[in-house]
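Engineer: Pasting in a structure now, in structure tokens, and then I'll have a few things to ask.
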Amino acid sequence: MERTLVLLKPDCLQRRLLGRMISRFEDKGLNLIALKMLWVTPELAKRHYVEHVEKPFYPGLEAFITSAPVVAIVIEGLEAIRVVREMLGATSGLKAVAGTIRGDYSSSRQMNLVHASDGPDAAIREIELYFSANEICSHQPAVAAWLRASDE
Ligand code: CMP
């Protein structure tokens, strides 16, 4: 099992898409094991997007990500990091393939609705940024036996 950090960004909340985004992950059979709404502060934005801080688009990204609350989610599942990234599609909604979240709902590079960790190291770092260990609600969903065979 892998864990990944998903952020439903301010455009998601403002456009009333939170429920539909959560449904996409639930419908896929992924397991939501932690969830909270919060305001990202400029300090948290700089820590989260540390690899982008020096890039020309960073000031706009920080203004956007701090402009309204976000919903942070820890998602667990087999190959969850890759599976969730593929569900999101390309960074730019204009380039994302139809059928992906961004392909279906976004036409922007910045306002691309959902963030997800891009690898195992990022997932650990980002989950720790948003959640303490006692906020992770590990559980075995009752439906698990109907999502995949026992040897998968
Ligand atoms: P995300 O997956 O959260 O990772 C970094 C974010 O920066 C990205 O989604 C976009 O919201 C934003 N971003 C990436 N590239 C650009 C860009 N060229 N211009 C503006 N915003 C960008």
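Engineer: Please go through region 23-43 and pick out each residue that is under 20 Å from residue 136 (Cα atoms) and surrounded by fewer than 17 Cβ atoms within 10 Å (Cβ to Cβ).
Structural biologist: At the first step, the residues of region 23-43 found to be under 20 Å from residue 136 (Cα atoms) are 23, 25-26, 29-40.
Result: 23, 26, 29, 35, 36, 37, 38, 39.
Engineer: Of all residues in region 9-58, which are farther than 16 Å from residue 80 by Cα, of a type in the set (Asp, Glu) and more than 16 Å from the ligand (Cβ to nearest atom)?
Structural biologist: If the condition is that a residue be farther than 16 Å from residue 80 by Cα, of a type in the set (Asp, Glu) and more than 16 Å from the ligand (Cβ to nearest atom), then 43 is the only one that fits.
Engineer: Every residue in region 90-105 that is under 15 Å from residue 24 (Cα atoms) and either part of a loop (DSSP other than H, G, I, E, B) or more than 13 Å from the chain's Cα centre (by Cα) (or both), please.
Structural biologist: Step one: list which residues in region 90-105 are under 15 Å from residue 24 (Cα atoms), which gives 98-105.
Matches in region 90-105: 98, 99, 100, 103, 104, 105.
Engineer: Out of the residues in region 44-64 meeting the condition of being more than 15 Å from residue 129 (Cα to Cα) and of a type in the set (A, V, I, L, M), tell me which one is least open to solvent (accessible area, probe 1.4 Å).
Structural biologist: Per the stated criteria, the residue is 61.
Engineer: Need pairs with beta-carbon distance below 9 Å; first residue farther than 16 Å from residue 68 by Cβ and modelled with pLDDT of 95 or more and within region 3-26, second open to solvent by 60 Å² or more (accessible area, probe 1.4 Å) and part of a strand (DSSP E or B); sequence gap 6+ or separate chains.
Structural biologist: Final answer for the pair search is 22/35.
Engineer: Additional query: Which residues, counting only those in region 1-30, are of a type in the set (Lys, Arg) and at negative phi?
Structural biologist: Just the residues of region 1-30 that are of a type in the set (Lys, Arg), to begin with: 3, 9, 15-16, 20, 24, 28.
Of everything in region 1-30, those that are of a type in the set (Lys, Arg) and at negative phi turn out to be 3, 9, 15, 20, 24, 28.
The values are calculated or read from the model by the stated rules, or taken from the named source; none is laboratory data. Quantities reported herein were computed from a predicted structural model and do not represent experimental measurements. Glycine gets a Cβ as well: all are built from the backbone with ideal geometry, and neighbour counts include every protein chain shown. Note: areas computed on protein heavy atoms with side chains; ligands, DNA, RNA excluded. Shrake-Rupley method; radii C 1.70, N 1.55, O 1.52, S 1.80 Å.
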